Amino acid sequence: MHQSKLKCRQEKALERVRVKARGGRGADAEILDRTRPGVMNTKWNAFLPEPAPPSLVESAWLRLKSLSLSAQFLIAASLIVFGLMTGVSLFVAAQVEKAALNAAGSAGAVRLQTLVAPLLERAEDGEFRFDEQFQARVSSLIGTGPPGQRVTNIKIWSADGRQVYPLAPADGPELFEELERALAGETIVSRTTVAKHSYTDEEEAQSLLEVYSPLVRSPEGEVLLAGEVYEESEVLERQIAETRQTSMAGVLLLSVPMLSLLYLVVRRGAQLIEQQRRTLKESLRNAIELSVENNRLRLLADNARTEAGKLNERILDQIGADLHDGSVQLLTLLKLRLSDLVTPRPDVSPEMRDALTKILDLVGSVLDEVRNLSAGLVLPELEDASIDEALQLATKRYLEITGRETVLTGCAGTDLRIPDLSICLYRFVLEGLMNSYRHANGNSQMVRCSYKSGRLFVAVVDIGQRPVFSSKREVQRARLGKVSQKRRVRTFGGRVRYFPRRNGSFVVASLPIGNVD
């Protein structure tokens, strides 16, 4: 029973290993599947919710994860590199635009100083005159300049924020940021697309450059008049657009080779990783196959060892039966015939009768030894005995053979009734007690039994003096006894350890019985 259950559990464990090696799904996976949310099954269908469909981001992320390592790197690196390069190109274009606007502002300021400022004249009261002659001269400047950079309009502002040319309705001073900075002595460039003051329909329809610059200063350096010139910005915008295109083309021409080289490097590394992954998978598959084969061979070895132990016990039982049915009966018959010869008879001399008496005593002694040996080999009382009962029978048999009592302490903690295991423990204990009796006759013997962490521990202890062997024959006999003890215990997956001491010795057998129900 014990071996059949142990074999069944080992076969189940081996089958689970085989299922994992084939990539299959066992009963454990099916149980886990029944406990996962959203799985349809007949028992829990009404209680388990359906899994929610993945969102667009999750589906994109799953699709990205399914790509190869090199493809993932190419996508991530492209986004990062092109993003950074685009930012650099936009920054460069912005700097170029700023520089172009500053250059246009400087040119506009020079125009105001060289073309408009000399036309200004003051009246006797100190005020500037904007008469018809001045207006005609300023109007002649409108439309001058290269194509795409022509002057479309000129305005003049007073220090208090009034537009004095061309004269605008007097709604009160309207100071805005650009005008304030121009009156403070700066040259400011802006566009008509940004509303600052009232514009004509033509000015709003076109994207013109506005250049605000100081026009007339007092001897103390205070700005008395500020000029505003409107210029066409077609050339400037074309230059800025060309700069953006050039920078973008440069970014593209720089990024594509760089990404290509990086992609080739990463692809080579990814191929190497994939090759190593395949090698590791193949090694893992071979390791699993070897593990399965090792488990199979281990089971075969365990079964063979168990069967060998059973066969050994059967052989001993057969030998005991043969001795009982053959040799014991012959010696009994011989003893009876000798008993008849020893009786007083006239044809038997006293010397012959004494010799026959000695032979009769020797035959009786041999017969007793053979009977004891046969009784020790044939153990029908252990067929249904538990472990505790087998240990008690061993101490009882030792008492019958030697006449000395042995203390048995502890218990196995289980009601196992396995004939082979009971016989193994019986012979182990009896062999240990007999070895102590032969080689340390003055020591007191004790048998201890305990159960801990799924293992059974049986110890045979003798206390007194250390065993002394008088001859090499006794040493060899004790060694053979130890070998037989180890073989019996190893048959059931256990082990035996010997601990010689100054005041005796003890031998301990440890057997795994925790998985037996």
For region 205-220, check the following and say yes or no: at least one residue is hydrophobic (A, V, I, L, M, F, W, C) and either exposed (fewer than 15 other Cβ atoms within 10 Å of the Cβ) or at pLDDT below 80 (or both).
yes
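Take SER233 and decide whether it is among the polar types (S, T, N, Q) and within 19 Å of ARG150 (Cβ to Cβ).
On the way: among the polar types (S, T, N, Q): yes; within 19 Å of ARG150 (Cβ to Cβ): yes.
Criteria met by SER233.
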Can you go through GLY126, GLY185 and tell me which one is at pLDDT 80 or above, part of a loop (DSSP other than H, G, I, E, B) and closer than 13 Å to VAL216 by Cβ?
GLY185
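Going by what's in this entry, would ALA99 be described as of a type in the set (Gly, Ala, Ser) and within 31 Å of the chain's Cα centre (by Cα)? Full working, then the answer.
On the way: of a type in the set (Gly, Ala, Ser): yes; within 31 Å of the chain's Cα centre (by Cα): no.
Spelling it out, it is not the case that ALA99 is of a type in the set (Gly, Ala, Ser) and within 31 Å of the chain's Cα centre (by Cα).
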What is the number of the single condition among (1) at pLDDT 80 or above; (2) under 20 Å from ALA94 (Cα atoms); (3) not in a helix (DSSP H, G or I) that ARG238 does not meet?
(3)
Looking at region 119-133, is at least one residue in the same structural domain as ALA99 (by TED's automatic domain parsing), surrounded by 17 or more Cβ atoms within 10 Å (Cβ to Cβ) and closer than 26 Å to SER233 by Cα?
no
For region 103-123, how many residues meet the condition of being in a helix (DSSP H, G or I) and over 30 Å from ILE240 (Cα atoms)?
3
The residue from SER291, SER247, SER283 that alone is over 29 Å from SER89 (Cα atoms), under 50 Å from the mean Cα position of the chain (by Cα) and surrounded by 13 or more Cβ atoms within 10 Å (Cβ to Cβ) is SER291
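The values are calculated or read from the model by the stated rules, or taken from the named source; none is laboratory data. What you are looking at is a predicted structure, and each value in this text was computed from that prediction instead of being measured. All Cβ positions, even for glycine, are placed from backbone atoms using ideal geometry, and neighbour counts span all protein chains on display.
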